[in-house]
1. Taking the Cβ of each residue in SER379, SER349 as the centre, tally the other Cβ atoms inside 10 Å and list the residues starting with the fewest.
2. When all C-alpha to C-alpha distances in the chain are sorted into bins of 10 Å, what percent of pairs does each bin hold, rounded to whole numbers?
3. Hull surface divided by four, with the convex hull built on the Cα atoms of segment 38-140: how many nm²?
4. Find out how many positive minus negative residues lie around LYS56, taking Lys and Arg as positive, Asp and Glu as negative, among other residues whose Cβ is under 12 Å from that of LYS56.
5. What percent does the relative contact order of segment 38-140 come to when contacts are Cα pairs within less than 8 Å and at least six residues apart?
6. Order these peptides, 247-253, 65-71, 406-412, by their mean beta-carbon neighbour count within 10 angstrom, highest first.
7. Once phi is turned into ³J(HN,Hα) by the Karplus curve 6.51 cos²θ - 1.76 cosθ + 1.60 with θ = phi - 60°, what whole-Hz value does each residue of segment 160-166 show in order, with x for glycine and proline?
8. Roughly how tilted is helix 323-335, in degrees to the nearest 10 and between 0 and 90, from the longest Cα axis of the chain?
Amino acid sequence: MYRRSLLRAVAPALCGAWASRAQQALDRTSRGMRAPTIREVRAIPINIGARLVVVKITTNQDGLYGYGCATFTQRSDLILPAVERYLAPFLAGKPVDRIEDTWQSCYNSSYWRNGPVLNNAISGVDEALWDIKGRMAGLPVYQLLGGKCREAAAAYTSTGGNEIPQVMDQARRLMDRGFRHVRVQIGIPGMSAYGGGGGGARTPALHNRPVFEPKPYLLRTLKMIEEVRKQLGDEVELLHDMHERVPPRDAIQFGKDVERFKLFYLEDPFSPEDIAYFRQFREQCATPVAMGELFNSPHEWTPLITERLIDYIRVHVSQAGGITPARKIAVLGEAFGVKTAWHGPDDCSPVGHAAQLHLDLASPNFGIQEGDAHSQRVSEVFRGCPTFRDGYLWANDSPGWGIDVDEKLAARYPFREGGLNGGWSDIRRLDGTVIKQ
Ligand code: MG
């Protein structure tokens, strides 16, 4: 600043070539202090395994750009106009280096906020700006977040299958691949259980839609977990996702029933609408709980963390608005002894997987990361995406998220019209009552 002020003060008093050189120096200095600005914000739909949306921000500097995840598979088409009709004109010409300010201004620009479509659109922008900042610095984003707390992030993935031997086989195969944490799920023949195999003749009901009943699920799952623990021993960490499928009282009873099997955690025992039940759950058992993949708002995660009602916060990072809010959630969790377990299955883009992995690496209160190796097809589109080895997810050390999207190849996987366009169907109890999915 001092040099710049001095040049400004003396330049008018100078003359001839020297003055001209001073002016040029002033211009160079001014140019050097100006951050690159946003030239274009574009949403890229990629239908590869799921309907992914990636946001690309290009800048006024050649070759400087970044990618962010804005994936909301069940309403993916709505993200495109949210990004391109609203955020793109709002952001054009703004500096790329004011990430927090940009996040706050985008968040408030719709007045009504904290919905999944708008939060995902903001996430795409937010993560693209973090990517750009990393590329400008020549550093991976985990360095910008404070540097590594660990070399890699321990990962888990799920079993499926309708029968206990199938679940057992899949669990053993995952353990052979290096997983030390396994989420065990089992199907119910004739019903549409979450994460299970399904199949079998449809259970007769008063309607022709997929069926789910809480009681068979609860009994079958309890038996499965008991058997898995007996056969696989105490070394493997077991997780299970209830997927908000049963009434709160049944979920509390189940938490008590599985307490003796010492789960790593029980996921989503309640729906977001029933989070007040966590107080009762806590009072009655010591089963660790993970919650949050459907959360959109600080009103949901803040009380659960600050009252120490959960053990793992499991927000879907793009659903919360990107890395900027997610790192605050992580820090809040650290203060209250709550660990992170970001939601990370295939309905999150590899850019999103990389973003949450960088946060995993830099957060002292990291707990576990949902994730697995990407297929070769996905790795070809998202070059540099995280890899799985020995039970861990590994980030590469390239600047930003370390990912480049092969946009030509990605164009071969467009969204196609048809069916529910990525939306989910309904699931009903025997009498036809819709349940939460
Ligand atoms: Mg879940």
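1. Details: SER379 15, SER349 33.
Going from least to most buried by this count: SER379, SER349.
2. Percent of pairs per bin, in order: 4, 20, 28, 24, 13, 5, 3, 2, 1, 0.
3. Orientation-averaged projected area of the Cα hull: 6.4 nm².
4. On the way: positive: ARG39, ARG42; negative: GLU40, GLU84, GLU127, ASP131, ASP404, GLU407.
With Lys, Arg at +1 and Asp, Glu at -1, the net is -4.
5. Reported as a whole number, the value is 34 percent.
6. Values: 247-253: 17.1, 65-71: 29.0, 406-412: 13.0.
Top of the packing list down: 65-71, 247-253, 406-412.
7. Rounded to whole hertz, the list is x, x, 9, 10, 4, x, 5.
8. That helix lies at roughly 60 degrees to the long axis.
Just so you know, all these numbers are worked out from the coordinates, no wet-lab data involved. The structure presented is a predicted model; accordingly, all values stated were derived computationally and were not measured. FYI the Cβ positions are ideal-geometry reconstructions off the backbone, even for glycines, and counts take in every protein chain you see.
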